[in-house]
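Engineer: I have a structure I would like to understand better, so I am pasting it below and will then ask my questions one at a time.
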Amino acid sequence: MGVGRVITDWSEIPVELLMRVVSSLDDRTVVVASCVCCGWRDAICWGLTRISFSWCKNNMNNLVLSMAPKFRNLTGLVLRQDKPQLVDNVVETIANSCHDLEDLDLSKSFKLSDRSLYALAHGCQKLIKLNISGCSSFSDDALAYLSSYCRQLKVLNLCGCVRAASDKALKAIGYNCSQLQSLNLGWCEEVGDAGVTSLAYGCHDLRALDLCGCVLITDESVIALANNCLHLRSLDLYYCRNITDRAIYALAHIRVKNKNQMWDGVKTGDEDEDGLMSLNISQCTALTPPAVQALCDSFPALHTCPGRHSLIISGCLNLTSVRCACAFQAHQEVNTLAHHAY
């Protein structure tokens, strides 16, 4: 039986073995390993598809500038920061080097300007997930421009993007990004009915929408969502105080529309799902118990019972009588036990 060749140098490690080793390392160690020798660098850069630089508390710009041109096969990149560091030329380098990026997190990058979005529009058109929450310097013109190139977007986080998330930008997103499934517009106070209705008409596959703190929207937005986004599973209307019972009754009828669609022979692929599964109507003080109860009755997945709160009604003291299906079931079981006890 022959004896295998003894490896005497780091550079002699086979690529397959090296990639197995790298897959077990944390992101910081991967960066260090890529500097061992040219062979290691080339193998890692060729095989690496996802990496996070969030661990880098200082000099992130220099690190990413040096590494991005090497990691040309990246599909996922996290640059989330606790202390804002990133500047535009770093994002431009990423856009020029990493054309296969599908998932990019730039959240809390307060120093970035529209230059970054324009660069991503041209260099990263395969983007599926983009998180720019807290990037308060972006404009709605730049966001609209990005949407016209990155048409495969499915998940978009704009929470706190107070300048970028306007009705103008949302109209562009609704027109360009028909595959969108999840959108966070939390605390984007310039968002109004015109923008949300445009989304509803253009993004029929929307599953999750966060409108927390979007104080301008009214029933018209929710009714448009109920009529056009039949796959909606999660909706956050926290502090949307212009929402009334009209909107809630419209949501309650989503299930009826879905059943009609099934009877018409249209297969959505979601027939096993149970409509709305999460709804936040905290501080929506205009709502009344009959409307919210009707919604609960339509969607058993909405829970008010302890430990399973998926219908959040804090701040709505007039809704304390609303009960989910679990509460009624528990009440029936108690009555049954009491009956048998006699």
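Engineer: How about segment 35-92: which of its residues are of a type in the set (D, E) and either modelled with pLDDT of 90 or more or in the same structural domain as D103 (by the TED database) (or both)?
Structural biologist: The answer is D82, D88, E92.
Engineer: Filter segment 123-141 down to the residues that are touching a His at 6+ places or on another chain (Cβ under 8 Å) and not in a loop (DSSP other than H, G, I, E, B) and list them by number.
Structural biologist: G123
Engineer: Let me ask another. Quick test for you: out of L170, L180, L153, pick the one residue that is within 17 Å of L211 (Cβ to Cβ) and either β-branched (V, I, T) or not in a helix (DSSP H, G or I) (or both).
Structural biologist: L180
Engineer: Could you grab the pairs with beta carbons closer than 8 Å, sequence gap of 6+ or different chains, first residue in segment 95-115 and assigned by the TED database to the domain that holds L79, second one at pLDDT below 95 and of a type in the set (F, W, Y)?
Structural biologist: Listed pairs, sorted by first residue: S97/F71; C98/F71.
Engineer: Taking the conditions exactly as written (farther than 26 Å from L48 by Cα and either modelled with pLDDT of 95 or more or among the aliphatic types (A, V, I, L, M) (or both)), does A144 satisfy them or not?
Structural biologist: Details: farther than 26 Å from L48 by Cα: yes; either modelled with pLDDT of 95 or more or among the aliphatic types (A, V, I, L, M) (or both): yes.
Taking the combined requirement at face value, the residue satisfies it.
Engineer: Now for a separate question. Among the residues of segment 99-122, count how many are open to solvent by 10 Å² or more (accessible area, probe 1.4 Å), in a loop (DSSP other than H, G, I, E, B) and of a type in the set (A, V, I, L, M, F, W, C). Step through it out loud before you land on a result.
Structural biologist: As a first pass, look at segment 99-122 and keep what is open to solvent by 10 Å² or more (accessible area, probe 1.4 Å): 99-100, 102-103, 105, 108, 110-111, 113-115, 118-119, 122.
Retained after the next criterion (residues that are in a loop (DSSP other than H, G, I, E, B)): 99-100, 102, 108, 110-111, 113.
Still in the running and of a type in the set (A, V, I, L, M, F, W, C): 110.
So the answer is 1.
Engineer: (1) more than 12 Å from C240 (Cα to Cα); (2) open to solvent by 10 Å² or more (accessible area, probe 1.4 Å): which one isn't true of L180, the others all being true?
Structural biologist: The one condition L180 does not meet is (2).
Engineer: Ok, one more. Go through (1) modelled with pLDDT of 95 or more; (2) farther than 17 Å from N227 by Cα; (3) within 27 Å of the chain's Cα centre (by Cα); (4) of a type in the set (A, V, I, L, M, F, W, C) and name the single condition L295 misses.
Structural biologist: Condition not satisfied by L295: (2).
Engineer: Please find, within segment 183-213, the residue that is most open to solvent (accessible area, probe 1.4 Å) out of those that are in a loop (DSSP other than H, G, I, E, B) and within 22 Å of F299 (Cβ to Cβ).
Structural biologist: H204
Engineer: For residues in segment 66-98 being outside any loop (DSSP other than H, G, I, E, B) and closer than 13 Å to C45 by Cβ, which is most open to solvent (accessible area, probe 1.4 Å)? Walk me through how you get there before you give the answer.
Structural biologist: Residues of segment 66-98 that are outside any loop (DSSP other than H, G, I, E, B), as a first pass: 66-67, 76-78, 88-97.
Keeping just the survivors that are closer than 13 Å to C45 by Cβ gives 66-67, 97.
Working: S66: 56, M67: 6, S97: 11 Å².
Only one residue fits best here, namely S66.
The values are calculated or read from the model by the stated rules, or taken from the named source; none is laboratory data. This one's a predicted model, so the numbers in the text were calculated from it and none came from an experiment. Glycine gets a Cβ as well: all are built from the backbone with ideal geometry, and neighbour counts include every protein chain shown. Surface accessibility is based on the protein's heavy atoms, side chains included, excluding ligands, DNA and RNA. Shrake-Rupley method; radii C 1.70, N 1.55, O 1.52, S 1.80 Å.
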